[in-house]
Amino acid sequence: MRISKKIIISIGLLCFLMTLIFLSDKWTKQNISNLKIQRNSVTEPIVLVPGSNATQYRFDPLIRDINKREKTPHSLLRVLVHKNYTISYSGAIKKGERQPFIVIAFEDNKDGFKNIKKQAIWLKYALKYISQQYEFRKISLIGHSNGGLIITYALEHNLTRDCLKTKNSGII
């Protein structure tokens with residue numbers, strides 16, 4: 001009887017180890033795939049987040065001024081996150097463009113810490129939504145006024161950690 005218990009335990013441990021090996025192999029292959037996408041992507045957008053009471057058009061004068069100085073203008077994608085987690089957007093990112101602008105604004109753009117926390121979650125939602133359509137090597141986040149607080153809250157609470165299709169992409 002004692003030998004059969006040892007055999008059963010040994011078989012159980014062997015099955016457990018085989019499962020771990022299988023799962024780690026799958027995880028490794030997925031990470032390698034993500035790194036290949038990241039390496040092949042040239043797009044590193046600049047994400048702009050406006051402050052309280054500002055819309056997705058808040059940065060238009062700045063973007064217009066920057067584009068006047070460039071040989072090739074940066075494309076612009078404007079994203080509006082609604083209270084019910086729907087997203088509307090205008091514009092697009094040109095294929096192969098290195099540094100497009102993405103403005104992420106919120107329908108409920110009122111002031112207050114409670115709202116900043118909600119907007120940080122909406123920022124995560126918007127970044128995930130965008131990353132389903134585009135592949136980014138890394139992103140730069142710039143906020144104006146409360147937009148900076150929204151970004152800071154999102155970063156401090158790891159809300160942006162899994163926003164990009166390539167999980168190892170950088171956020172600067």
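Does at least one position in region 139-150 carry a residue that is farther than 18 Å from THR55 by Cβ, open to solvent by less than 80 Å² (accessible area, probe 1.4 Å), in a helix (DSSP H, G or I) and not acidic (Asp, Glu)? For region 139-150, residues farther than 18 Å from THR55 by Cβ, open to solvent by less than 80 Å² (accessible area, probe 1.4 Å), in a helix (DSSP H, G or I) and not acidic (Asp, Glu): absent.
Conditions (1) over 24 Å from ASN158 (Cα atoms); (2) open to solvent by less than 30 Å² (accessible area, probe 1.4 Å); (3) under 17 Å from the mean Cα position of the chain (by Cα); (4) not acidic (Asp, Glu), marked per residue:
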| residue | (1), (2), (3), (4) |
| --- | --- |
| ARG58 | yes, no, no, yes |
| GLU70 | yes, no, no, no |
| PHE113 | no, no, no, yes |
| ALA120 | no, yes, yes, yes |
| GLN133 | no, no, yes, yes |
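Being farther than 16 Å from LYS128 by Cβ and part of a strand (DSSP E or B) is the filter here; which residues of region 89-114 pass it? If the condition is that a residue be farther than 16 Å from LYS128 by Cβ and part of a strand (DSSP E or B), then SER90, GLY91, PHE101, VAL103, ALA105 are the ones that fit. Annotation note: Cβ proximity below 7 Å between a residue of region 62-89 that is of a type in the set (D, E, K, R) and a residue that is open to solvent by 60 Å² or more (accessible area, probe 1.4 Å) (sequence gap 6+ or interchain) occurs for ARG78/TYR89; LYS83/GLU107.
For the residues LYS124, LYS128, LYS167, the requirement of being surrounded by 16 or more Cβ atoms within 10 Å (Cβ to Cβ) and either among the hydrophobic types (A, V, I, L, M, F, W, C) or at pLDDT below 95 (or both) singles out LYS124.
The values are calculated or read from the model by the stated rules, or taken from the named source; none is laboratory data. All figures in this text were calculated on a predicted structure; none of them were measured in a lab. Positions of Cβ are backbone-derived with ideal geometry, glycine not excepted, and every protein chain shown enters the neighbour counts. Please note that ligands, DNA and RNA were not included when accessible areas were found on the heavy atoms of the full protein model with its side chains. Shrake-Rupley method; radii C 1.70, N 1.55, O 1.52, S 1.80 Å.
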